[in-house]
1. Failed condition for ALA295, given (1) among the aliphatic types (A, V, I, L, M); (2) part of a loop (DSSP other than H, G, I, E, B); (3) modelled with pLDDT of 85 or more, with all others met?
2. For region 52-86, which positions are surrounded by 23 or more Cβ atoms within 10 Å (Cβ to Cβ) and modelled with pLDDT under 90?
3. Among the residues of region 4-38, how many are in contact with a Ser or Thr (Cβ under 7 Å, 6 or more places away or on another chain), of a type in the set (Val, Ile, Thr) and outside any loop (DSSP other than H, G, I, E, B)?
4. Quick one: which of VAL112, VAL80, VAL123 is in contact with a strand residue (DSSP E or B) (Cβ under 8 Å, 6 or more places away or on another chain), not in a loop (DSSP other than H, G, I, E, B) and not assigned by TED's automatic domain parsing to the domain that holds ARG337?
5. Yes or no: region 209-216 includes at least one residue that is farther than 30 Å from LEU181 by Cβ and crowded, with 20+ Cβ neighbours inside 10 Å.
6. Give region 108-118 a look and list any residue that's touching a helix residue (DSSP H, G or I) at 6+ places or on another chain (Cβ under 8 Å) and at pLDDT below 95, or say none.
7. Tally time: how many residues in region 184-214 are without any contact (Cβ under 8 Å) to a residue 40 or more places away in the chain and either among the basic types (Lys, Arg) or farther than 17 Å from LEU85 by Cα (or both)?
8. Based on this model, can you work out whether ILE369 counts as under 30 Å from TYR23 (Cβ atoms), at pLDDT 85 or above and assigned by TED's automatic domain parsing to the domain that holds GLN252?
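The values are calculated or read from the model by the stated rules, or taken from the named source; none is laboratory data. Note that this is a predicted model, so its numbers are computed, not measured. Because the Cβ atoms are built from the backbone with ideal geometry, glycine has one as well, and the counts that use them run over all protein chains shown.
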Amino acid sequence: MSTTFASFGLAEPILRAVDELGYREPTPIQAQAIPIVMQGRDVMGAAQTGTGKTAGFALPILQRLMPHANASASPARHPVRALILAPTRELADQIHENVREYAKHTGLRSAVVFGGVDIRPQVAALRHGCEVLIATPGRLLDHMGQKTVSLAQAEILVLDEADRMLDMGFLPDIQRIIHALPERRQNLMFSATFSGEIRKLAEAFLNDPVLVEVARRNATADNVEQIVYRVADLESKRAAVAKLVRERQLSQVIVFTNTKIGAGRLARQLERDGLNAAAIHGDKTQQERLATLEAFKKGEIVVLVATDVAARGLDIVELPAVINYDLPYSAEDYVHRIGRTGRAGASGLALSLMVDNDERLLVEIEKLIKRKLPPERLDVGPAQERPRRERRDDEPAARGRASSSRRGDSAAERGGSPRRRRPEGEPAASRAAGYSRDPFFFEPYEPRPAEEGAAAAAPETPERAQGSARRPRRPVAALLGGGGRKS
């Protein structure tokens with residue numbers, strides 16, 4: 001006899017919402033976690049993204065809170081009884097969307113608070129009252145400091161994607177929040193990867209937890225095909241992305257980069273290559289990120305270039321593929337990245353690009369997932385550059401155009417100072433980043449014969465003779481290591 005949601009003993013209002021969402025049979029993580037959470041036990045869950053773990057903890061939490069459900073308009077009758085912490089705004093918003101759907105027939109209220117947006121609407125929502133609060137740690141501490149939220153009656157704490165919260169440095173914030181909660185409570189922690197830090201955190205605040213594990217820890221989903229391509233150099237990567245999207249006819253794809261600057265620049269380059277692309281990263285406002293994400297979900301954007309922070313919580317139904325433009329510095333991030341595809345049992349495709357210097361990163365990924373990913377050679381041909389056209393008389397010079405284009409970048413993308421480059425020549429990484437070689441700064445100063453002759457022919461005035469006696473005459477540019485300036 002197969003397991004159904006009705007067999008868990010969930011209340012009729014919750015079952016009605018589940019049925020309206022089209023849920024028929026519980027996923028493995030739901031089948032294991034829901035009965036244990038309903039018993040009030042602490043849970044340490046090892047679950048990959050896309051396995052349905054949100055329903056695995058949200059449905060039994062709502063069931064446990066059903067005795068508190070009421071239709072009173074008084075906020076005092078709707079205190080926070082369950083707190084769900086998430087590492088990013090997108091994930092918090094996604095969880096809230098799910099909880100709101102599950103609870104729509106119950107009379108239980110939910111709210112979400114995260115940074116990057118105006119805090120006043122969140123304050124109003126908290127004053128209205130909610131039994132289930134979803135939050136990012138930093139913004140929750142803001143509300144606690146302003147005394148706009150009370151956790152005194154919280155009965156359940158959930159840490160979702162705990163490994164990512166530790167990676168992002170949220171441990172001190174989590175500790176402060178835990179200390180503000182009642183000691184007697186149920187604790188649930190879910191993580192896609194299990195590191196030593198995760199185990200220490202579990203030992204610190206979980207009480208005799210039940211381990212719920214639906215797949216080998218730190219494993220990637222079997223339904224995701226993983227391919228690593230080796231390209232010649234950094235300049236070939238952008239062309240490789242465009243080639244893969246077109247040749248494989250990808251209707252939608254998320255492309256991961258390691259930096260915010262790289263995400264913005266790659267999106268603009270792909271746009272110039274004729275692909276409908278946009279970037280989403282931590283320096284975008286929350287409104288910009290939500291608008292971009294909504295356009296991607298609707299299919300208006302084909303290529304979404306994202307950093308790891310921004311990619312958490314991106315739940316795209318039947319996303320066909322992800323591309324690692326950069327191999328992640330942390331092997332655990334590889335597991336999270338490719339977890340964006342192949343969700344809910346669907347097949348997925350994870351393509352990764354690497355250059356020779358990325359060997360160490362690939363080795364770390366293979367060690368974590370316990371699987372070999374032999375690189376395949378991907379030939380994208382010679383470096384593709386945009387065709388140059390003749391400059392019209394009314395257009396600025398090349399340097400002026402470059403300056404103008406930088407003014408179109410966001411403040412974060414133009415705020416970083418490029419690394420100092422070596423005089424021997426411009427490295428490939430700098431060329432790939434869009435920097436141009438300027439002889440004024442790269443080449444040592446050597447006086448031109450014409451300048452020497454002009455200086456010798458200049459009339460010697462008393463003032464000039466006196467100045468020459470005090471200090472040697474050197475062009476200002478020589479102090480910067482550049483070329484001389486005509487007198």
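1. It is condition (2) that ALA295 fails.
2. If the condition is that a residue be surrounded by 23 or more Cβ atoms within 10 Å (Cβ to Cβ) and modelled with pLDDT under 90, then LYS53 is the only one that fits.
3. 2
4. Working: VAL80 fails: not in a loop (DSSP other than H, G, I, E, B); VAL123 fails: in contact with a strand residue (DSSP E or B) (Cβ under 8 Å, 6 or more places away or on another chain).
Checking each option against the conditions leaves just VAL112.
5. Checking region 209-216: not a single residue is farther than 30 Å from LEU181 by Cβ and crowded, with 20+ Cβ neighbours inside 10 Å.
6. Quick first cut of region 108-118, residues touching a helix residue (DSSP H, G or I) at 6+ places or on another chain (Cβ under 8 Å) only: 108-117.
Those that are touching a helix residue (DSSP H, G or I) at 6+ places or on another chain (Cβ under 8 Å) and at pLDDT below 95: PHE114, GLY115, GLY116, VAL117.
7. 7
8. On the way: under 30 Å from TYR23 (Cβ atoms): yes; at pLDDT 85 or above: yes; assigned by TED's automatic domain parsing to the domain that holds GLN252: yes.
For ILE369, the condition - under 30 Å from TYR23 (Cβ atoms), at pLDDT 85 or above and assigned by TED's automatic domain parsing to the domain that holds GLN252 - is met.
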